[in-house]
Amino acid sequence: MVIDVRGNNGGFVSEMILERLRRKLLSVGVSRNVRFLTTYPATLFWGSLVCLENETTGSDGDVFAAMFREAKLGPVVGKRTWGGVVGINGHGPLLDGGNVFVPEGGTASADGKWIIEGHGVDPDVEVDNDAKSLLDGRDPQLERSVAEALKRIAEHPRHLPARPADPVKTP
C-alpha cells in the first residue's frame with residue numbers, strides 16, 4: 001500500500017491512521033465450513049507499506065511522514081516536506097475583522113529533541129516530479145513508490161498460515 005500524503009497541509013488524523021497501520025497479526029480465525037482464514041485483529045493491513053511525501057506536505061502531513069519512519073513501517077519516498085508543525089490557535093477576532101494566530105505547540109522526539117519544524121522530513125528515496133513528466137501525464141514519485149512497494153513484497157512476502165488440520169477431540 002502506498003500512503004500518499006503529498007499536499008496534506010494538516011489536521012489531526014495522523015495518529016489514528018498510524019495506529020491502524022501499526023497493527024500486527026496476533027492470530028487467525030478458522031471457521032468450520034469456510035476455507036479462508038480471518039485475521040485478529042480483524043481490521044489489519046497485512047502487506048508492505050510505503051509513504052509518499054513532497055514539498056507541499058506540511059503540519060500533520062509532516063508528522064505522519066516522520067512517525068511512519070519512526071514506526072519503521074516502510075520507506076518514505078518523494079521530496080522533503082515543508083517543515084511546519086508548530087500548531088497555532090486563533091485568539092479571537094480583531095476590531096478590523098482580522099484574526100491573530102499564536103504558535104502554541106511543537107513536536108519533539110521520544111528522547112526530547114525538537115524535530116521537523118524548520119527542516120521537514122527527508123525522504124529515504126528522493127524523487128522529483130519534474131515538469132516534463134507531469135506534462136506527459138506521468139508521476140515519477142508515485143511510480144517509484146509503487147516500485148518500492150513491489151520490491152518489499154518480493155523481498156518479504158507475507159502469507160497467512162495454512163489452515164490447520166481439523167482438531168480431533170475424541171479419545
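The values are calculated or read from the model by the stated rules, or taken from the named source; none is laboratory data. Computed from a predicted structure; not experimentally measured. Because the Cβ atoms are built from the backbone with ideal geometry, glycine has one as well, and the counts that use them run over all protein chains shown.
Restricted to the stretch 124-171, and to residues that are among the polar types (S, T, N, Q) and without any contact (Cβ under 8 Å) to a residue 24 or more places away in the chain, which residue is farthest from residue 65 (Cα to Cα)? Filtering the stretch 124-171 for residues that are among the polar types (S, T, N, Q) and without any contact (Cβ under 8 Å) to a residue 24 or more places away in the chain, the one farthest from residue 65 (Cα to Cα) comes out as 170.
One residue stands out among those in the stretch 64-109 that are acidic (Asp, Glu) and not in a loop (DSSP other than H, G, I, E, B): the one that is surrounded by the fewest Cβ atoms within 10 Å (Cβ to Cβ), which is 104. For the stretch 98-107, check the following and say yes or no: at least one residue is touching a His at 6+ places or on another chain (Cβ under 6 Å) and not hydroxyl-bearing (Ser, Thr, Tyr). Within the stretch 98-107, one or more residues are touching a His at 6+ places or on another chain (Cβ under 6 Å) and not hydroxyl-bearing (Ser, Thr, Tyr).
In summary, residue 159 fulfils each of the numbered conditions (1) out of contact with any strand residue (DSSP E or B) (no Cβ under 8 Å at 6 or more places or on another chain); (2) in a helix (DSSP H, G or I) with the single exception of condition (2). Residue pairs whose Cβ atoms lie under 9 Å apart, sitting 6 or more positions apart in sequence or on different chains, and linking a residue in the stretch 45-72 that is under 20 Å from residue 153 (Cα atoms) to a partner that is of a type in the set (S, T, N, Q) and part of a helix (DSSP H, G or I), are 50/145; 51/145; 52/141; 52/145; 68/14.
For the stretch 76-112, a tally of residues being in contact (Cβ under 8 Å) with a residue 24 or more places away in the chain and of a type in the set (D, E, K, R) returns 2.
In this structure, residue 22 does satisfy being at pLDDT 95 or above and basic (Lys, Arg). Within the stretch 40-63, the set of residues being over 21 Å from residue 111 (Cα atoms) and either surrounded by 20 or more Cβ atoms within 10 Å (Cβ to Cβ) or small (Gly, Ala, Ser) (or both) comprises 42, 47, 48, 50, 51, 52, 53, 54, 57, 58, 61. Anything in the stretch 25-57 that is of a type outside the set (Ser, Thr, Tyr), touching a Gly at 6+ places or on another chain (Cβ under 9 Å) and modelled with pLDDT under 95? List them, or say none. The answer is 37, 42. Across the stretch 20-39, the qualifying residues are those that are of a type outside the set (Ser, Thr, Tyr) and loosely packed, with under 11 Cβ neighbours inside 10 Å, and the one among them that is farthest from residue 163 (Cα to Cα) is 24.
Please go through the stretch 1-54 and pick out each residue that is hydroxyl-bearing (Ser, Thr, Tyr) and not in a loop (DSSP other than H, G, I, E, B). Listed by number, the residues that qualify are 14, 27, 38, 39, 40.
Being within 20 Å of residue 147 (Cβ to Cβ) and buried (at least 17 other Cβ atoms within 10 Å of the Cβ) is a property that residue 8 lacks. Looking at 155, 143, just one residue is exposed (fewer than 10 other Cβ atoms within 10 Å of the Cβ) and within 26 Å of the chain's Cα centre (by Cα), and that residue is 155.
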